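Working notes, structure below.
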Amino acid sequence: MVHHPKAGSDLIVETDTIAAISTPAGIGGIGVIRVSGSKASELAHAITGKTVIARQAMFRSFLNGNGSLIDKGIVLFFPAPGSYTGEDVCEFHSHGSPVVLNLLLSRLQELGVRLAEPGEYTRRAFLNGKLDLAQAEAVVDLINSSTAVAAQSAMRSLSGEFSERAHQIVEKIVNLRIFIEAAIDFPEEEIDFLANSEIALTMKQIRQDLTELIDQSTAGCLLREGITVVIAGRPNAGKSSLFNRLALQDRAIVTPHPGTTRDTVDVTIDVSGLAVRLIDTAGLREISDEIEQEGISRTRQAVKSADIVLYVIDSEQGVCDEDVQEIEVLDPARCVIVWNKTDLIEETRPALASETHSQTYVSALTGLGIEKIYKILQRIAGYEVNEEGLFLARRRHLSAMKRASEFVARAQDALERQSAGELAAQDLWDAMKSLDQIMGTPSSDELLGEIFANFCIGK
Ligand SMILES: Nc1nc2c(ncn2[C@@H]2O[C@H](COP(=O)(O)OP(=O)(O)OP(=O)(O)O)[C@@H](O)[C@H]2O)c(=O)[nH]1
Ligand SMILES: [Mg+2]
């Protein structure tokens with residue numbers, strides 16, 4: 001056990017040697033077991049019967065305790081600190097059979113390694129200063145990214161671009177604080193910092209930088225989390241047909257009978273990089289059928305938890321009182337009325353169903369107006385397709401940046417309106433602390449536990 005200088009005094013780094021299968025469960029061409037810790041090279045020697053050479057691919061036999069052959073494969077050895085975790089790391093590349101991998105893992109356990117917890121490799125990499133916290137989070141985001149744009153944005157954060165930007169802002173804040181504190185400490189120098197327009201300018205600049213980074217990260221947050229879109233409406237309005245159209249697949253059952261869809265059906269689609277979880281639901285109506293009633297109560301739950309609701313109306317049938325009642329309670333900012341079956345009517349724009357909600361016109365049968373729905377979803381989600389500048393950020397980062405921005409605003413106010421240098425310095429200190437949390441000089445094991453718990457085993 002050693003204390004890590006970067007992580008603060010209450011953090012203790014476990015240095016026992018850990019192992020895990022790092023490739024996905026199931027059968028594959030190769031499977032990789034990664035071992036990290038001070039015993040890594042010793043273990044490789046015990047399993048292969050030969051000494052390992054640093055950073056060289058070695059074709060070796062993998063042996064059981066009784067000398068029998070488990071498999072043959074490649075061993076790689078990365079001595080500390082030049083490894084992912086910053087510790088000694090050994091990788092065993094065997095055939096990708098779960099049985100073989102588990103035999104190898106059991107052998108390693110016999111030899112005294114402990115199975116790694118989820119995210120433990122990356123946690124060690126963080127504690128050994130190989131990655132900052134935002135980068136560690138980007139590792140999971142990259143692995144879990146559901147679209148190419150999300151993966152690119154995660155890579156941008158992982159390579160440290162996001163942290164670098166946050167760092168630059170912290171630096172500006174620190175310099176400003178030092179300047180203000182100097183002015184307080186040496187009043188005889190007569191640095192009239194209150195009259196110094198440069199200070200006001202720097203404050204403004206810092207807030208602008210923060211706003212810009214927050215904007216880029218907000219879109220990135222959407223990218224990471226995706227949005228949930230629920231298709232609701234009366235039976236037979238064409239919800240399932242619209243669902244299938246948007247999903248570009250024949251996923252939900254469509255029939256001319258009202259009440260076809262009973263259970264919610266969902267599929268995740270990629271809308272220009274934005275992951276959209278699309279949910280088809282049972283049509284809303286008063287009904288005594290028990291199964292359909294349950295379906296309808298699921299529709300209501302789905303509508304409640306949706307980011308956006310597409311409320312479908314059959315244009316030929318027109319809007320009815322029930323539609324109006326349903327629409328009334330939906331937030332206009334996150335609901336769109338979709339007039340479907342416009343192929344069946346003469347005029348393209350039927351009467352408005354609501355004054356407040358936006359409306360669009362489609363035919364799920366012919367595909368008319370479908371492209372526009374994708375655009376509407378992006379607009380409501382606030383998703384700008386500016387792939388260059390997105391960071392796959394987390395709500396944790398967003399709130400830290402917003403807090404920092406508020407502290408800087410307070411500092412600005414303290415100086416300009418109250419001439420209170422001490423207060424301003426304190427606010428800047430708090431702003432800096434807040435931003436520090438993004439890169440992570442974490443003060444508690446709890447935050448780390450929370451972050452790394454979301455990793456998969458072997459990462
Ligand atoms: N002409 C025309 N028919 C459509 C259109 N969309 C759906 N339909 C037809 O309308 C009927 C009902 O379609 P569904 O997609 O099953 O409707 P739904 O809203 O899912 O119905 P429930 O699951 O019963 O609530 C089917 O016969 C579809 O072929 C459209 O745009 N134009
Ligand atoms: Mg349906």
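Every number here is computed from the coordinates shown, using simple stated rules; none is lab data. A quick note: this is a predicted structure, and the numbers were derived from the prediction, not measured. Methodologically, a virtual Cβ is constructed for each residue, glycine included, from the backbone with ideal geometry; neighbour enumeration extends over all protein chains shown.
Note down the net charge around ARG55, summing +1 for each Lys or Arg and -1 for each Asp or Glu among other residues with Cβ under 13 Å from its Cβ. Show your work: numbers first, answer last.
Details: positive: none; negative: ASP88, GLU91.
Every neighbour counted, the sum reads -2.
Directionally averaged projected area (the chain, Cα convex hull): 30.4 nm². For LYS130, a cut-off of 17 angstrom between C-alpha atoms picks up these lysines, skipping any fewer than 8 places away in its own chain: LYS6, LYS459. Among the listed pairs LYS239/LYS372; LYS172/LYS402; LYS304/LYS375; LYS239/LYS375, those whose Cα-Cα separation exceeds 21 Å are LYS304/LYS375. Does the range 83-241 come out rounded, prolate or oblate by the C-alpha gyration tensor, with a ≥ b ≥ c the root eigenvalues, rounded set by a/c under 1.5 and, if not, prolate when a/b is larger than b/c and oblate if not? Oblate, since a/c reaches 1.5 and b/c is not below a/b.
Sequence gap at least 6, Cα distance under 8 Å: using those rules, report the relative contact order of the chain to the nearest whole percent. Walk me through the numbers before you get to the answer.
Details: 839 pairs, mean separation 81.2, N = 459.
Result for the chain is 18 percent.
Please report the projected area of the range 226-381's Cα convex hull averaged over all directions, in nm². Could the numbers behind the result be given before it?
Numbers: hull surface 33.0 nm².
Quarter of the Cα hull surface area: 8.3 nm².
Protection proxy ranking, highest mean first, for peptides 19-32, 238-251: 238-251, 19-32, where packing is the per-residue count of other beta-carbon atoms within 10 Å, averaged.
Under 20 °C and 1.002 mPa s, how fast does the range 295-435 diffuse according to Stokes-Einstein, given a Kirkwood radius computed over C-alpha pairs? Answer in µm²/s, whole number.
On the way: Rh = 19.1 Å.
It comes out at roughly 112 µm²/s.
Taking a straight Cα-Cα cut-off under 19 Å and skipping sequence neighbours fewer than 8 places away in the same chain, the lysines within cross-link reach of LYS50 are LYS39, LYS72. Across the range 2-132, counting alpha-carbon atoms alone, Rg and Dmax equal 14.7, 47 Å.
Between SER288 and ARG417, what FRET efficiency follows from the Cβ-Cβ distance if R0 is 60 Å, with the result rounded to 0.05?
Working: r = 66 Å, r/R0 = 1.11.
According to the calculation, E is roughly 0.35.
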